[in-house]
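Heads up, the thing below is written out as structure tokens.
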Amino acid sequence: MQISPVLWQFLTKWLTSSALWPDQASTIAPWADALYIFLWLMTVVGVILVGALVLFFAIRYRKERHPEAVQIEGSTLLEATWTIIPLGIFLFVFVWGAWLYFRIYNPPADAMQVYVVGKQWMWKAEHPGGQHEINALHVPMGRPVQLTMISQDVFHSYSIPAFRVKREVIPGRYTTVWFNATKPGTYHLFCTQYCGTLHSGMVGEITVMDPADYQKWTEESTSGMSLAQNGERLFASLGCISCHSGNATASGPNLAGIYGSKIKMDDGTEQVATDGFLRDVILNPSQHVPYGYKPIMPTYQGQISEEGLIDLVEYIKSLKTNYRVQQTLDTSKSDDAAPITPAASQKVTQ
Amino acid sequence: MSTIVSLPDQSTATLPKKNYINAEHGLLSWLLTADHKRIALLYMFSITFFFFIGGFFAGMVRLELLTPAGDLMAADTYNKMFTMHGIVMIFLFLVPSVPATLGNFFLPIMIGAKDLAFPKINLLSWYLYMAAGIFVITTLVLGGVDTGWTFTTPLSTHYLNTHVATTATGIFIAGFSSIFTGLNFIVTVHRMRAPGMTWFRLPLFVWSNYAASVLMVLGTPVLAIAIVLVALERTIGIGVFDPTKGGDPLLFQHLFWFYSHPAVYIMILPGFGVISEVVSTFTRKRVFGYTAVAFSSVAIAVFGFFVWAHHMFIMGVSNYSALVFSLLTMLVAVPSAIKIFNWAFTMQKGSITFETPMLYVFGFIGLFTIGGLTGVFLGSLGMDVMLTETYFVVAHFHFVMVGGMLMAFLAGIHFWWPKMTGRMYPEGVSKFAAVVTFIGFILTFFPQFVVGYLGMPRRYAAYPPEYQVLNVLSTAGATVLGVGYMLPLFYLAWSLKYGAIAGSNPWQATGLEWQIQSPPLTENFTETPIVTQEAYDYEWLAKKQERELQHVG
């Protein structure tokens, strides 16, 4: 379907500047709006068509004008017409919608990462640099931002109408969504999955800033520790380093460079070390035993918060070489502050 | 050519001396009846009761949304209000409405049977329905439940201290009621048709109830399983939905929607049947493309089982399964489109009159077309991301369920009222009510499409102030709609005593139900009818009436 560009511009400008239209603030928004407008055109044409048919027949063939009904069997041609034409239109909508869906949910490779934890009833966002926000999210304009999200309790759903994106936030698994904001300003953030008493209070603000402003905001609101640094500290305090030391004799695999790689498992399968996989291994190690290792890692279920897991995964991600593990090992040995965890004591007794 | 001969003047007529209503007397004769018509009336009273309870909660929800601040009631109370609205309306009104009342009453008569195949199971299914209702009412008395009608885990299993178990039990029992009704209908249609009543002579109302029954029998057990798992998870913590025990919270969504999406068709299909009957009668024509309409009901029932995951497009299901479910969703939209055009073309070259049921049909066609086409928005993957879980969804399914189903139900009630009671309803006020309902409906739900695309999430007690204007419109519309629903309650009750005597066939319709006295005898037919004509054969009817007149003369 071809619409003259001038008309299209006029239509979208007029519509989108009215109070009956949400802000258009991401690269996805114009695409979503185009499909939305098409779908309404389809609806309006459909309703007018059906309405006109019914009205015409009702007036033309009302009893006073047409006292005797003419019995008609049906018509294969007409039946075929109104089966095939709607089918064609719906398939067209399907293809368009699928194309948009893949655009919405396939993030570009260079996206900036932000973690989000949903809980009854707040949104906690964590930037890699260690900036924490509650019920707010600051993002730079013109840069793809990917959110990796998880819920600590029930289903939530992270929705930013101005960006036309939304994704369910689920307990027990990471889901992701990405956007590229195009207009500075403050936009609504809603939880759209019913999550209990204060569901309608689980709202927040997304602030889109110029890259320079965002830079300034990052520097001002840093806690001094990046997520990876927090993770490193946890890695030491939970005793993970005693097995995952990176030494050839260690009883756990070396984690350097493991993120994103394929791992051969004990049951013969191959797994890709994604965020979700790493989180799952920490919580359910007995179900994910790498090839060549004993199933001796204890579970950390209930011992680490979702934020802690994010920190750990972020730390593992940051391990490009063995250097950091070694260094952590040294520091944790030197200050001797790490408590002896079941994991560590198990190692000792073996 | 068909000529409709008017029957003798009935102004001096009286109700038949003997009929199913006065066949026996006393409360017990009703409570222990095995007559499908009496059971239908029992259902009708109870369903109407629950409809107004559900309507009260809808009113409270709309009243709360009049202002952006959640100031009328506490957030907790509001959550209980919309939860009860959903549970009562869906499980105690929409699912049983047409099948259990109009279907129960007319399906056996339309196929020339004396009763349903299992009259006592039919009574049992009413008792189960009432038991379910009592559980839901108990929940209310105890302080309510706030899961939403979708019972999403782990919210319902781990994080709520309200009466989830009581409500779940109610719904579990209501499920059995619906399974029994479905079984009864299926067996009746297969085994009890009068001689000559072949499959392609069945009225379309029977076809659509048959298709809905198949869905009830196959879909409802899955809901029952899901509900039992929720109860077990709540009480002994089995952990099938709990990720910390290795369970999968998405599994509940799959189980729940595997029933609850087909349930939409359980609700709307019988309504389609009503529309076919009414359109045919008031245009005095065979339904255009009878076979296509019949098979589209079956197609909807079959496809209806393969689209449930379109409720989960944003939940991180794999992109490719989303693709498949979106495609299947598009396919299920086609049979509904077929029906709309068939109804429209039934009017072509007809001889159309505009009695109240027909006005409701016009309302139905308009609203259901909008409801159906806005469903395509939600089946379209990329669009669904923005629209799902917002007021757009609320508007869409209210257009289908309330604009479609309820309009069809009201059309059916008015259409068959003379047969059920033997008396006519007052035509003027009922037309007025139909128009009020239509206007109220549009005003209530159209603004919700707009506010949905603006981003307003559903189930919110408080919302950003810029959405207020649209919400005020919606609440104003709900008030008008409420009046539209109250009116029939009064004038139908009035007609029971003061309505004109209807006679056996006030609409000059062709169905077998119109060839017997109004109200019918307990055994429906004095002798088993032999069917020689197709459904909606108006020429046959004219000839029959001519014969009868000569006979009388």
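Residue separation of B:ILE238 and B:THR77 scaled by 0.36 nm, minus their Cα-Cα distance, works out to 55.0 nm of gained length.
What FRET efficiency comes out for the pair B:THR14/B:MET486, r = Cβ-Cβ distance, R0 = 22 Å, nearest 0.05?
FRET efficiency, B:THR14 to B:MET486: 0.10.
The smallest convex shape that holds all Cα atoms of region B:347-398, its convex hull, gives 70 Å³ per residue. The distance between label points at B:GLU523 and A:PHE10 comes to 7.5 nm (points 7 Å beyond Cα on the Cα→Cβ vector).
Report the FRET efficiency, 1/(1 + (r/R0)^6), for A:LYS262 and A:ALA109, where r is their Cβ-Cβ distance and R0 is 22 Å, rounded to 0.05.
Approximately 0.75, to the nearest 0.05.
Exposed loop sites here are trypsin sites (Lys or Arg not before Pro) assigned a DSSP state other than H, G, I, E or B and surrounded by at most 16 other beta carbons within 10 Å; excluding them, the longest clear run of chain B is B:19-553.
The local environment of B:PHE45, defined by Cβ-Cβ distances under 14 Å, has a net charge of +2 under the rule Lys, Arg +1 and Asp, Glu -1. The share of C-alpha pairs in region A:1-149 whose separation exceeds 22 Å stands at 65 percent. Ranking B:PHE252, A:VAL145, B:MET110 by how far each Cα lies toward the positive end of the dipole of the protein assembly as shown (charges on Cβ) leaves B:MET110 at the top. Rounded, prolate or oblate: which fits region A:213-276, taking a ≥ b ≥ c as square roots of the Cα gyration tensor eigenvalues, rounded meaning a/c under 1.5, else prolate when a/b beats b/c? Because a/c hits 1.5 or more and a/b fails to exceed b/c, region A:213-276 counts as oblate. Using only alpha carbons, region B:227-344 has a radius of gyration to Kirkwood radius ratio (Rg to Rh) of 1.15.
Counting every C-alpha pair in region B:295-438, the share spaced more than 25 angstrom apart comes to 40%.
Count the net charge of all other residues whose Cβ sits under 11 Å from the Cβ of B:PHE205, scoring Lys and Arg as +1 and Asp and Glu as -1.
-2
Take the convex hull of the alpha carbons in region B:203-285; its mean projected area over all directions comes to 6.1 nm². Computed from label points 7 Å out along Cα-Cβ, the spacing between A:GLN287 and A:GLN303 is 1.9 nm.
From helices alone, chain B scores -21500 deg cm²/dmol at 222 nm; the rule is -39500 (n - 2.57) for each run of n ≥ 4 DSSP H residues, then divide by the residue total.
Within the protein assembly as shown, DSSP assigns beta bridges of which about 70% are antiparallel (rounded to the nearest 5).
Ratio of Rg to Rh for chain B: 0.97 [Cα atoms; Kirkwood radius as inverse mean 1/r over pairs]. Of the cross-linked pairs A:LYS124/A:LYS317; A:LYS166/B:LYS339; B:LYS37/B:LYS80; B:LYS37/B:LYS544; B:LYS80/B:LYS120, those separated by over 31 Å at the C-alpha level are A:LYS166/B:LYS339; B:LYS37/B:LYS80; B:LYS80/B:LYS120. Percent of Cα pairs in region B:132-279 per distance bin of 10 Å, from zero to the largest separation: 11, 33, 28, 17, 9, 2, 0. Considering only A:THR27, A:THR197, A:THR186, the mean-square fluctuation computed in a Gaussian network model of chain A, springs between alpha carbons under 10 angstrom, is largest for A:THR197.
Counting residues in region B:119-210 as N, plug N into 2.2 N^0.38 Å and put the Cα Rg over that result.
1.50
Once each of the GluC sites (Glu not before Pro) sitting in a DSSP loop with at most 10 other beta-carbon atoms within 10 Å is removed, chain A keeps A:74-350 as its longest stretch.
Accessible area of B:LEU140 (1.4 Å probe, protein heavy atoms only, ligands and nucleic acids ignored): about 60 Å². Applying both filters, DSSP loop and at most 10 other Cβ atoms within 10 Å, to the trypsin sites (Lys or Arg not before Pro) of region A:54-90 gives A:ARG65.
FRET efficiency for the A:ARG60 to B:GLU427 pair, using the beta carbon distance and R₀ = 25 Å, is estimated at 0.60. Taking chain A as a Gaussian network of alpha-carbon nodes connected by springs under 10 Å, the highest mean-square fluctuation of the residues A:SER251, A:SER226, A:SER18 belongs to A:SER18. Extension gain for A:ALA212 to A:THR81 (0.36 nm times residue separation, less C-alpha to C-alpha distance): 41.4 nm. Among B:VAL187, B:VAL317, A:VAL6, the order of accessible area from largest down is A:VAL6, B:VAL187, B:VAL317, computed with a 1.4 Å probe on protein heavy atoms.
Bridging of A:LYS216 to lysines at a Cα separation below 17 Å is possible for none of them, once same-chain residues fewer than 8 apart are set aside. Here the protein assembly as shown has an Rg and Dmax of 31.2, 117 Å, counting Cα atoms alone. The 1.4 Å probe gives accessible areas that order B:HIS261, B:HIS158, B:HIS254, largest first, as B:HIS158, B:HIS254, B:HIS261. Label positions at B:LEU496 and A:GLU220, each projected 7 Å from the Cα along the C-beta direction, are separated by 7.1 nm.
Across A:MET42, A:MET122, A:MET149, mean-square fluctuation computed from a Gaussian network of chain A (C-alpha pairs under 10 Å connected) peaks at A:MET42. Spatially, region B:127-166 and region B:429-483 are offset by 27 Å when compared through their Cα centroids.
In terms of its C-alpha gyration tensor, region A:70-124 has an oblate overall shape, because the principal axis ratio a/c (a ≥ b ≥ c, square roots of the eigenvalues) is not below 1.5 and a/b does not outweigh b/c.
Would region A:173-242 count as rounded, prolate or oblate if I go by the C-alpha gyration tensor, calling it rounded below 1.5 in a/c and otherwise prolate when a/b exceeds b/c, oblate otherwise? Since a/c reaches 1.5 but b/c is at least a/b, the shape of region A:173-242 is classed as oblate. One decimal place: the segment B:ALA34-B:HIS190 gains 54.1 nm when fully extended, by the rule 0.36 nm per residue minus the C-alpha distance.
The values are calculated or read from the model by the stated rules, or taken from the named source; none is laboratory data. Being a predicted model, the structure only gives us computed values, none of them experimental. Cβ coordinates were reconstructed from backbone atoms using ideal geometry, including for glycine residues, and neighbour counts include every protein chain displayed. SASA here: full protein model, heavy atoms, side chains in, ligands and nucleic acids out. Shrake-Rupley method; radii C 1.70, N 1.55, O 1.52, S 1.80 Å.
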